[in-house]
Structures are given as C-alpha cells and as structure tokens.
Amino acid sequence: MNYKSLYSQSNELKNEYRQTNKFFKEKNYSKALETNEKALKLSIKEFGKNHLTTATLYENKGRLLIELKNYSKAEEILREVVEIRNNLIKDYSPEHAEALNYLAISLRKQNKLEKAMLEHEKVLKIMGNIIANNPGQISELSRRSALYRARAYHTKGKLLIEQGNYSDAAGNFKIASKIYERTLGKNKKELEDLRVEINKLKVVK
C-alpha cells in the first residue's frame, strides 16, 4: 500500500495504516478496508479532506475496492484522489500518475474501455514528462512507466475485441504480457488475468 505521503503526527493513525498494510500483504482485503476506513477518519479529523495524507489513504481505499471487485465505488474514490492531488500538486508527479493508473484499472474492470484509455494516455504523458526531467531516477521511473504502458496495452486489447479487431487485440495482449513478465515481480496476478483474456480470445478467433 502507498505510504510515501503519510506525514501524520498521530500514532493512532500510523498504527491503523500499519494494520492496513499488514492485512493487505496477507490478502485479507476486507479487514484492510476496515482499518483503512479508521485511518481515513483520523486523517480527515487531523488534516482535513484536502491534504496529501488523506489523498494517499483514499488511494489505498480505491486499490482495496478494486481487489474486492467493487469497481464503481473504486472509480468514485480514485476520482476524489485525482481531484485532491490536482489541487495540491501543480507539477507532474508520480502521485498523479499512480492515481490515474488505478482509476484506469477501475474503469477497465467496468468495461468502460474508452474512458479507461483516456486515463492511460494521461498517465503515460505524465510519466514521459517526469522521466525527461529526472534523469537521475530513470531506472525506477522507466520500470514504473513500462508497467503503466502494459496496462494501457491490456485495456486497448479489450477495446479492440469489443470492436471486432481480434488480430490487433492479440498483438496488444502479447506486448502487455511481455512487459508484465519483466516488471511485475512476485505479484503475477495481472499477468494471470491477462492470460485468461488471451485464452478467451483464442476461442473467439
């Protein structure tokens, strides 16, 4: 779970965050959501809604809702994250890209594919600008940008299937698969999900 923007002086809030992180790692997403809700209430009380710490906790909530398959609520929450960060961060930032990335995933999961592609395009534009202006961090930023690009190819493939363009869809899935293999590390769930899509496409073709 994202913790980089947690600047709280409250031990209670930090403890709820640690509990959320623990449950998330254990894949106990329901319990993680419970502790995240407690952390959010504390953050809003301490800092208000329009604060980077609160935005981080909202983003974590959105990610948990995606894991729990509540995609429409995840979309709603992630749009709030984007709005808060737009208000507080004026330059391109990895935090902007991350929120838009999860927003795109929530839209893809609802089959709102054209809207998802618009968010993917924003993510890739932001990452391109960040990489160009931070040459010293290019290795980590490039890895993250590649993963975001894979997710865009994944969504584009689904959109092409919807349009009946199975050949190009297969090409997009192939590219996404190769990038996922290089960038996902130990968590291969997205790659497994994509392979399900590829097998479905083979049946359709």
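Computed values, structure above
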read-out: Charge-dipole axis of the chain as Lys and Arg at +1 and Asp and Glu at -1 on Cβ define it, positive-most pick from 100, 203, 43; value: 203
read-out: Alpha carbon centroid spacing (whole Å) that separates the range 3-73 from the range 169-190; value: 28
read-out: Angle between the chain longest axis and helix 52-67 axis [Cα atoms, degrees, rounded to 10]; value: 40
read-out: Simple spin-label estimate for residue 87 and residue 25 in nanometres, 7 Å along Cα-Cβ; value: 3.3
read-out: Distance violations [Cα-Cα > 26 Å] among 156/178; 22/189; 69/125; 22/156; 69/156; value: 69/125; 22/156
read-out: Computed Rg/Rh of the range 49-103, alpha carbon atoms with Kirkwood Rh; value: 0.96
read-out: Degrees, to the nearest 10: 71-88 long Cα axis against longest axis of the chain; value: 60
read-out: Within the chain, helix-based [θ] at 222 nm, where runs of 4 or more DSSP H residues each add -39,500 (n - 2.57), nearest 500; value: -27000 deg cm²/dmol
read-out: Candidate aspartates and glutamates for bridging to residue 41, where Cα separation is under 19 Å - those fewer than 8 sequence places away on the same chain excluded; value: 12, 16, 59, 76, 80, 83
read-out: Cβ-Cβ FRET estimate between residue 18 and residue 129, R0 fixed at 41 Å, reported to 0.05; value: 0.75
read-out: Straight-distance crosslink candidates among aspartates and glutamates, where the alpha carbon sits under 15 Å from residue 202 and sequence neighbours closer than 8 are dropped; value: 162, 168, 193
read-out: Added length on full extension, which subtracts the Cα-Cα distance from 0.36 nm per residue, residue 182 to residue 167; value: 3.0 nm
read-out: Label corresponding to Cα extents along the principal axes in Å when calculated from the structure given, among [x] 63, 45, 37; [y] 56, 39, 29; [z] 45, 38, 32; value: [y]
read-out: Estimated vicinal HN-Hα couplings, Hz - the range 92-102 in sequence order (Karplus 6.51, -1.76, 1.60; Gly, Pro = x); value: 4, 8, x, 5, 4, 4, 4, 5, 5, 4, 5
read-out: The range 1-89 - percent relative contact order, Cα under 8 Å, separation 6 or more; value: 27
read-out: C-alpha long axis of helix 189-204 to longest principal axis of the chain, angle in °; value: 30
read-out: 1.4 Å probe accessible area per residue over the chain, in Å²; value: 53
read-out: In Å², nearest 10: area of residue 178 left accessible to a 1.4 Å probe; value: 110
read-out: Solvent-accessible area, 1.4 Å probe, carbon plus sulfur percent, for the chain; value: 49
read-out: Relative contact order of the chain, pairs being alpha-carbon contacts under 8 Å that are 6 or more residues apart, as %; value: 12
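The values are calculated or read from the model by the stated rules, or taken from the named source; none is laboratory data. These numbers come from a predicted model, not from an experiment. Every residue, glycine among them, receives a Cβ derived from its backbone with ideal geometry; neighbour counts consider all protein chains shown. SASA here: full protein model, heavy atoms, side chains in, ligands and nucleic acids out. Shrake-Rupley method; radii C 1.70, N 1.55, O 1.52, S 1.80 Å.
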